[in-house]
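**Q** Shown below is the structure under consideration.
The values are calculated or read from the model by the stated rules, or taken from the named source; none is laboratory data. Fair warning: this is a prediction, and the values are worked out from it, not measured in the lab. When we count neighbours, we look across all protein chains shown, and the Cβ atoms used for this are built from the backbone with ideal geometry, even at glycine. What goes into the accessible areas is simple: the full protein's heavy atoms, side chains included, and nothing from ligands, DNA or RNA. Shrake-Rupley method; radii C 1.70, N 1.55, O 1.52, S 1.80 Å.
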Amino acid sequence: MVGTVGDTERSLFGEILDWMLAPLLFVWPLSIAFTHYFASNVANFPYDQALREHVAAIASQVKLVGGKPLLSLPASARALLRADETDSVYFRVITRGGRFLAGDRDLPMPEFAADESPVPGEIYLRDGEYKGQDLRFAYIFLAETALNEKNWVLVEVAETTKKRNQLANKIVASVVLPQFIIIPLAVVLVWFGLSRGLRPLNRLRRTIETRDPGDLSPIATRRVPEELEPLVEVFNEMLERMKRNVEAQQRFVADAAHQMRTPLTGLKTQAQFAMRETDPESLRHALRQIAIGVDRAGRLVNQLLTLARTEGSGEPAQQRHEPLDLALLLRDVVADWVMVAIEKNIDLGYEANGPAMIVGNDFLLRELAKNLIDNALRYTPAGGHVTCRVVAASDGVSIEVEDDGIGISEEQSEMVFERFYRVDDAGTEGSGLGLAIVQEIAAQHDARASLKPNQKGGGAIARVVFPPWHLPAAPSIVAGR
């Protein structure tokens, strides 16, 4: 099924580039807005200073005589005040009570809150509107100490904001216009930097692409960047698991091909012999031999499959390790083998001195116990004894399977865990895989497996020692003060 465009994976290069440029495109309009704000403040400063000077000049021409204002403002001074080629300039001199002295009568009065009062002699600045134009005002109040506020004299000068806006726009342009060159250049540099920065990733991709399909060796981390080392290490761990699984499959195929050849040849021979028989008794004997051969082949296949699953440990049920009571587990497995022991006239017993907790996999440990008991029963003659026990100690928990069978020498005890090695090929049936399975399962549980001569007499003792498990201690609670 072909995925839609929205489902397709984007390149890492494009993803990083988008996440770097998207904030830039978002911040750029904000930077222009902030630049315009600060440019307006910068542009206001010199013109505000000029307005202050105009207000101060007019205020110097106002005299308060006996609490009454007198204005002496020559016509030339008025003409000079309005001589601005760009902006319109307005002024007014009026008392707070509304007595008009000079200038533009309709200019708006400054407004103050109820709890505010202007300070005479201090120049104030404000924004306002007059005849549909935005104006910038500078004003001052003139008063004497005992003068009533209604007789205070207001001197104010206002001008339109064209020069201010022009200067602010020039400042903004001087900042923004170079960005039209800098930002594309920054994009090119970011693209170039990302291309250079992702070269190790591309090199790693080429290294993996050019590897032989059968090459499961680890990838060298010598030239791998620090950020990619965890990824490469995890990939190497996956390769190691694949390598173990492939080796297990290869061993299984080789073992199956080697071990199945003999029983299949025997079955074919018995079948050919049965086909030539006419005597019913001889025919039944040949069929019994075929049935025995099928049982042997089936048991061999089952053991090969068990060994392959144990080595691969690919199934979820064979990966979970959890606390369990080894004594209960062994008791259940022994119960399953009681009928087999009775058929062979062997006394199968079980001993335990209480719970024996370990951390392990229930499925695999049952396979381990089953193979130990099966091995002991095969090498113990009729009338013999096989005792299964669990011994719990402070330094470990062990499974022991003791028999009084044919026994084993010290030299053989070192080789019995090898595949297909058998102590007595002629006297017993078996494939030589049971103890190999035990060894593999023990290794997966950090346990030690051994098969030693029985010092109490004939026979042997198979022992698997597991590390102990203790219930985690409850966290201590420190009482607060």
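**Q** Taking the solvent-accessible surface of protein heavy atoms with a 1.4 Å probe, what is the per residue accessible area of segment 208-247 in Å²?
**A** Per residue, segment 208-247 has 78 Å² of solvent-accessible surface.
**Q** Mind listing the long-range amide H neighbours of V397? Cut-off is under 5 Å, sequence gap 5 or more, other chains count too, H placed in the peptide plane at 1.01 Å from N.
**A** Amide H to amide H, under 5 Å and 5 or more residues apart or across chains, V397 pairs with F466.
**Q** When ligands, DNA and RNA are left out and all protein chains stay put, how many square angstrom of accessible area per residue does segment 74-173 have with a 1.4 Å probe?
**A** About 56 Å² of surface per residue is accessible.
**Q** I've got another one for you. Cut-off under 16 Å on the C-alpha distance; same-chain residues fewer than 8 positions from K68 excluded. Which aspartates and glutamates are left, in chain and number order?
**A** Those aspartates and glutamates meeting the cut-off are E144, E149.
**Q** If I compute solvent accessible area with a 1.4 Å probe over the protein chains, what percent of it on segment 87-153 is carbon and sulfur?
**A** Ligands and nucleic acids excluded, carbon and sulfur give 41 percent.
**Q** Checking the cross-link filter: which lysines have an alpha carbon closer than 23 Å to that of K131, excluding same-chain neighbours under 8 positions apart?
**A** Within the straight-line limit of under 23 Å, K131 reaches these lysines: K162, K163.
**Q** Please list, ordered by chain and number, the residues whose modelled amide H lies under 5 Å from the amide H of G459; skip anything fewer than 5 residues away on the same chain.
**A** Hits under the 5 Å cutoff: G405, G407, I408, N454.
**Q** Students often forget the sequence filter, so: which lysines lie under 26 Å Cα-Cα from K370 once same-chain residues fewer than 8 apart are removed?
**A** Result set, ordered by chain and number: K344, K452, K456.
**Q** Right, something else. What FRET efficiency, computed as 1/(1 + (r/R0)^6) with R0 = 35 Å and r the Cβ-Cβ distance, is obtained for S60 and N165, rounded to the nearest 0.05?
**A** 0.70
**Q** Would you mind checking segment 204-222 for residues with the amide N under 18 Å from a putative spin-label position 7 Å along Cα→C-beta of N236?
**A** Residues 204-209, 211-212, 215-222 qualify, since their backbone N sits under 18 Å from the label point.
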